[in-house]
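The values are calculated or read from the model by the stated rules, or taken from the named source; none is laboratory data. Everything numeric in this text was worked out from a predicted model, so none of it was measured. Quick reminder, even Gly has a Cβ in these numbers, built from the backbone with ideal geometry, and neighbours come from all protein chains shown.
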Amino acid sequence: MAKKKKILLLSDDLRMASGIATMSKELVLGTVHKYDWFQVGAAINHPEAGKVLDVSQDIQERYGIADANVKILPWNGYGNADLIRQLINTEKPDAILHFTDPRYWTWLYDIEHEIRQNVPILFYAIWDDLPDPLYNRNYYESCDWIGCISRQTYGIIKRLSALDTKPTWKPKADWQVDYVPHGIDFNLYKPTEVSAEFRKEILGDKEYDFVLYWSNRNIRRKQPADVIVAFKKFCDKIGKEKADKVCLVMHTQPVDENGTDLPAVIDVMAPECNIIFSEKRRPQEELNLIYNIADVTINIANNEGFGLATAESVMAGTPIIVNVTGGLQDQCGFEVDGKMLTAEDYIKIGSLHEWRKWEGKAIPGSWVTPVWSRALALAGSVPTPYIWDDRVDIEDVAEAIEKMYNTPKEVRKANALIGREAFIGEMGLTHTNMCQTLVDGIESTFENWKPRERFEVFKIK
């Protein structure tokens, strides 16, 4: 048997519960038969920082993967130049794969010419938004391969690769950019019966006719307070008697220094509403049960890279309400002129978040009620000079909840199952497709990659 290539992975510690960590774990588990993995596992303050942990045996025993070879080097933050230089010498990886936003990796791109003398740099872009981020183009040029989590991100990076807007920029024919959709394990997230005991653990003793579920980090961009206010407006719309039989379950930390004091919001904005917090970290099997308890899962975050919870929800057979933004658009299954949009279509259209242009023309799948932003505002910061802030209106969200509430339960379920089949089939939002697409991209990079020359020779006029 040929020796497996080794990938140096820079991302959140795959044992953590974050979205990036979950993706890291799924990609490692889905490709560990093909590659050995050495991860610099990031966290803000890692309790095991600096100690190499061999998790190969645990993976072999837990997942039945006989030849797994996975090590983790926990780290405070994402690493630094000296650490990468050291690991290239000691671990001798065949490639470096890093995740998330380019702004976290400026130090890596500063030494990309040095790294690419030895190994290719691979980047999994899990977030980008319009207007096209020209400020990221130089970072993308530092990579030998870019995988894009959403159709929108794919379109953005393909457009950037073709630009020639500055004297020093030339369209790069050798940019390798692939659409690598976030995949969900449909054998894990699936419709199932939920025991009365577990239902009681989540909902308490009270019986509800309608359960709205929200699962996200308690940070401003995820809009948890807006979800609460929209739920209150929905309750007002249906009246006190019916509102007494509906509830909102929020799987998050009620108070977070990077977010909102949600109990305080409830006390002021929705004191009579049934709002339940689920704070306990749960295994994926139990998360699947919560999706099966829910009647609808909601995500109205702005500038969302993908939106894991709603994708898992559809796989579990529960319909969704989403903001038409970022990667959430992929989950909507939009059709234009009778054809489902593809990643290649997004090169031309950019995004669907402009409601005046697309509402009524872009037709969503039956499993989703989309909410469009009606007041785009251009925001920015030092690391992100400009970006469309595509927040949705609370009244529109309340109407979307009411629409789902008024849809018969059996119809909601049937529509969600249509979504599940679309996710597995035409849309390719599966764990196996994600891993295979990643492998195809990496292998193609290995085939075409040439080490960067140590020096660039140029003629002085």
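Some points to look at:
- Scanning the range 364-388 for residues that are outside any loop (DSSP other than H, G, I, E, B) and surrounded by 16 or more Cβ atoms within 10 Å (Cβ to Cβ) yields a count of 6.
- If you go through the range 229-246 and pick out every residue that is touching a strand residue (DSSP E or B) at 6+ places or on another chain (Cβ under 9 Å), surrounded by fewer than 22 Cβ atoms within 10 Å (Cβ to Cβ) and not in a loop (DSSP other than H, G, I, E, B), you end up with 3.
- Only a single criterion out of (1) on the phi < 0 side of the Ramachandran plot; (2) surrounded by fewer than 17 Cβ atoms within 10 Å (Cβ to Cβ); (3) not β-branched (Val, Ile, Thr) is not satisfied by GLY50, namely (1).
- Scanning the range 59-88 for residues that are in a helix (DSSP H, G or I), at pLDDT below 95 and either over 24 Å from the mean Cα position of the chain (by Cα) or closer than 30 Å to GLU447 by Cα (or both) gives ILE59, GLN60, GLU61, ARG62.
- The set of residues from the range 135-166 being under 24 Å from LEU328 (Cβ atoms) and not in a helix (DSSP H, G or I) comprises ILE146, GLY147, CYS148, ILE149, SER150.
- Filtering the range 274-324 to residues that are surrounded by fewer than 19 Cβ atoms within 10 Å (Cβ to Cβ) and in a loop (DSSP other than H, G, I, E, B) leaves GLU279, LYS280, ARG281, ARG282, PRO283.
- Among the residues of the range 124-134, those that are crowded, with 21+ Cβ neighbours inside 10 Å and outside any loop (DSSP other than H, G, I, E, B) comprise TYR124, ALA125.
- For the residues ASP209, ASP205, the requirement of being loosely packed, with under 13 Cβ neighbours inside 10 Å and closer than 24 Å to LYS190 by Cα singles out ASP209.
- One residue alone among ALA66, ALA17 is surrounded by fewer than 17 Cβ atoms within 10 Å (Cβ to Cβ) and under 23 Å from GLU304 (Cα atoms), and that residue is ALA17.
- Remark: GLY307 matches the filter, which requires a residue to be in contact with a Leu (Cβ under 7 Å, 6 or more places away or on another chain) and either closer than 25 Å to LEU289 by Cβ or without any contact (Cβ under 8 Å) to a residue 12 or more places away in the chain (or both).
- When the range 247-260 is filtered for residues that are surrounded by 14 or more Cβ atoms within 10 Å (Cβ to Cβ) and charged (D, E, K, R), only ASP256 remains.
- Looking only at residues in the range 73-123 that are of a type in the set (S, T, N, Q) and over 17 Å from GLN39 (Cβ atoms), the one that is surrounded by the most Cβ atoms within 10 Å (Cβ to Cβ) is ASN118.
- VAL265 vs. criteria in contact (Cβ under 8 Å) with a residue 40 or more places away in the chain, more than 28 Å from CYS332 (Cα to Cα) and not assigned by TED's automatic domain parsing to the domain that holds ALA125: yes
- Scanning the range 276-325 for residues that are in contact with a His (Cβ under 8 Å, 6 or more places away or on another chain), within 22 Å of ASP132 (Cα to Cα) and either aromatic (Phe, Trp, Tyr) or at pLDDT below 95 (or both) gives a single hit, PHE306.
- Within the range 333-345, residues that are touching a residue at least 60 places away in the same chain (Cβ under 8 Å) sit with their Cβ atoms under 7 Å from residues that are in a loop (DSSP other than H, G, I, E, B) and among the small types (Gly, Ala, Ser), at 6+ positions apart or across chains, in these pairs: GLY333/GLY365; MET340/GLY333.
- A single member of THR384, THR297 is touching a residue at least 12 places away in the same chain (Cβ under 8 Å), out of contact with any helix residue (DSSP H, G or I) (no Cβ under 6 Å at 6 or more places or on another chain) and not assigned by TED's automatic domain parsing to the domain that holds THR22, and it is THR384.
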